[in-house]
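This report refers to the structure that appears directly beneath it.
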Amino acid sequence: MKIVDGATRVLGIVGDPIAQVRAPEVWSALFRANGVNAICIPFHVSPGELPTFFAGLHTIQNLIGLIVTIPHKPAAARYAAHLTDRARKVGSANLMRRESNGTWTGDIVDGIGLVGGLLASGQRVAGRRALVVGSGGVGRAIAFAIAEAGAASVHVHDVIPGRAEDLAAALAASGTVSGIAPPAASGFDLVVNASPLGMKASDPLPIDPAGLDRNAIAADVVVHPPMTPWLTAAAACGCHVQSGTVMMDHQLVAMQTFLGFENGDYTPAAVRRALGEETPGKP
């Protein structure tokens, strides 16, 4: 199959910044492997230009849909005429599908990816005391998914005033033991960095690893680098660590279903084959 021709369809990914994303590489390789004439294209759009961007998308007839990354996930939900129950509860969308009447339907599958990656590697989520640092779109999705997977409690933190309090209240309203906590791992056995810290070499550690138990799980949403300073510090404590690439790869089947690709293999194993990777989560 030709890589690009006049019949090629486009799956976009929008964010600010965008250079760190892995989706264009992954999705374009999966499309080729599954015989789908499509590519994934990154769009670097600032928050102030998002209305203009979405207005322009309505004119693109060969657009399959849109993946949404930081910081646009909460805003993307407001552009959707329809939200899945999951996206409505979280209040964000990281995946959007354009319907035949031109309206958008939004979903969020970050939490599915994080929990699915842990379960696939034999890790237990149920009964754990969780801390999620970062209460934006991805943090909210992860916090609710961890709660739904049976965590004993889900505490949250955010540097933006009021955001963690809102998430903790929403979790409590859904029946989950929750509250605000400082970004410190001590006392928790499932600790997730859902903030952008770790993307830059100059970033401080998002979470203090002191007191991290070797039986705990440490996870990160940052894709590049796959072993962030937070995960490196947690691994030094003997913890099981999960990179952002693992979270991403375990979203793909849910994305496949949502976007309407009925046939083909979009599993993490298919990603490794398509990219020539020998191990999960290789950058």
*Confirm whether Ile108 is closer than 20 Å to Gly12 by Cα, modelled with pLDDT under 95 and β-branched (Val, Ile, Thr).*
no
*Restricting attention to the range 72-81, does a residue exist that is among the basic types (Lys, Arg), open to solvent by less than 60 Å² (accessible area, probe 1.4 Å) and touching a residue at least 24 places away in the same chain (Cβ under 8 Å)?*
yes
*What number of residues within the range 211-223 satisfy the criterion of being more than 19 Å from Gly139 (Cβ to Cβ) and out of contact with any Ser or Thr (no Cβ under 6 Å at 6 or more places or on another chain)?*
4
*Meets criteria (at pLDDT 95 or above, farther than 24 Å from Gly122 by Cα and buried (at least 20 other Cβ atoms within 10 Å of the Cβ)) for Leu190*: no
*asked:* Pairs please, first residue from the range 199-214 and outside any loop (DSSP other than H, G, I, E, B), second anywhere and open to solvent by less than 80 Å² (accessible area, probe 1.4 Å) and not acidic (Asp, Glu), Cβ atoms under 8 Å, 6+ apart in sequence or on different chains.
replied: Asp208/Pro183; Asp208/Ala184; Asp208/Ala185; Asp208/Ser186
_Counted residues, the range 88-137 - those being open to solvent by less than 10 Å² (accessible area, probe 1.4 Å) and part of a loop (DSSP other than H, G, I, E, B)_ = 8
*Looking at Thr59, Thr52, which is the one that is outside any loop (DSSP other than H, G, I, E, B) and either modelled with pLDDT under 95 or open to solvent by 40 Å² or more (accessible area, probe 1.4 Å) (or both)?*
Thr52
*Listed residues Thr232, Thr176; which is open to solvent by less than 70 Å² (accessible area, probe 1.4 Å), among the polar types (S, T, N, Q) and either closer than 21 Å to Lys73 by Cβ or outside any strand (DSSP E or B) (or both)?*
Thr176
*What number of residues within the range 235-254 satisfy the criterion of being farther than 16 Å from Val21 by Cα, open to solvent by 10 Å² or more (accessible area, probe 1.4 Å) and either touching a Gly at 6+ places or on another chain (Cβ under 7 Å) or part of a helix (DSSP H, G or I) (or both)?*
4
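The values are calculated or read from the model by the stated rules, or taken from the named source; none is laboratory data. Bear in mind the structure is a predicted one, so any value in this text is a computation, not a measurement. Positions of Cβ are generated from backbone atoms using ideal geometry, with glycine treated the same way; all protein chains shown enter the neighbour counts. When the accessible area is computed, the model is the full protein with side chains, heavy atoms only, and any ligands, DNA or RNA have been set aside. Shrake-Rupley method; radii C 1.70, N 1.55, O 1.52, S 1.80 Å.
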